[in-house]
Amino acid sequence: MNARNVASLVLRVSVAGIFGLLAVQKIPYHANTQAIFEDIGGYPAALATVTLELVAAVLILIPRTVPVGALLSIGAMMGAIGTHLLFIGVAVQFPSTADPSVTESDGGTLFAMALGTLLVSGIVLAMHRHQAVRMVRSALGGTPVPAIQ
């Protein structure tokens, strides 16, 4: 395995890991998740988001579907960034765990994670751009996608 393949694998596992960690918060609909999704669709929106993120996480790890997973990840993170900028703010306000009547800020951590995940997903897509082109050509009736070696 050459350095480029190792770098790709590390970046892909990072994206999948972030999505997995976020799923732990979204699926049980913790108070922090409620604060984010309460005005933009509630629990169904949280489940739709986590489903998209987990599908992207799985696809970005499978060698034959890396470009598809990266594109889904980019789409999910663009949605997250747009939601932050348009609806919930860069620094998300959560109810305090000590006193729910008091709010605390994440200081922009989730927004920074979305930006970072967008960047890493873009790098992964760029690293696999030739595979993406082959997949598009194959989908449009061109030559079949060769097996990944």
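Return a yes/no flag: does the stretch 91-109 have any residue that is surrounded by fewer than 17 Cβ atoms within 10 Å (Cβ to Cβ), under 12 Å from the mean Cα position of the chain (by Cα) and either basic (Lys, Arg) or closer than 15 Å to Ile18 by Cβ (or both).
No.
What residue, of His84, His128, is within 18 Å of the chain's Cα centre (by Cα) and more than 26 Å from Ile62 (Cβ to Cβ)?
None of the others qualify; the one that does is His84.
For the stretch 54-82, enumerate the residues that are crowded, with 22+ Cβ neighbours inside 10 Å and either of a type in the set (Phe, Trp, Tyr) or over 24 Å from Val6 (Cβ atoms) (or both).
Passing the criteria: Ala76, Ala80.
Those residues that are without any contact (Cβ under 8 Å) to a residue 60 or more places away in the chain and polar (S, T, N, Q), I need them from the stretch 25-43; list them, please.
Correct list: Gln25, Thr33, Gln34.
So that you can scan it fast, the table gives a plain yes or no per residue for (1) over 21 Å from Val124 (Cα atoms); (2) assigned to a helix (DSSP H, G or I):
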{"site": "Asn5", "(1), (2)": "no, yes"}
{"site": "Leu11", "(1), (2)": "no, yes"}
{"site": "Thr33", "(1), (2)": "yes, yes"}
{"site": "Ile40", "(1), (2)": "yes, no"}
{"site": "Ala46", "(1), (2)": "yes, yes"}
{"site": "Leu54", "(1), (2)": "no, yes"}
{"site": "Pro67", "(1), (2)": "no, yes"}
{"site": "Leu71", "(1), (2)": "no, yes"}
{"site": "Ile74", "(1), (2)": "no, yes"}
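Filter the stretch 107-146 down to residues that are in a loop (DSSP other than H, G, I, E, B) and touching a helix residue (DSSP H, G or I) at 6+ places or on another chain (Cβ under 8 Å) and give me whichever is modelled with the highest pLDDT.
Going through the qualifying residues, I end up with His128.
Going through Ala46, Ala139 one at a time, which residue ends up being without any contact (Cβ under 8 Å) to a residue 60 or more places away in the chain and touching a Phe, Trp or Tyr at 6+ places or on another chain (Cβ under 6 Å)?
Ala46
Which residues, counting only those in the stretch 72-89, are without any contact (Cβ under 8 Å) to a residue 24 or more places away in the chain and touching a Leu at 6+ places or on another chain (Cβ under 9 Å)?
Leu72, Gly75
Out of the residues in the stretch 49-59 meeting the condition of being under 10 Å from the mean Cα position of the chain (by Cα) and in contact (Cβ under 8 Å) with a residue 24 or more places away in the chain, tell me which one is nearest to Ala132 (Cα to Cα).
Top of the filtered list is Ala56.
The values are calculated or read from the model by the stated rules, or taken from the named source; none is laboratory data. The shown structure was predicted, so the numbers you read here are calculated from the model rather than taken from an experiment. For neighbour counting, all protein chains shown are included, and Cβ atoms are generated from backbone atoms with ideal geometry for every residue, glycine included.
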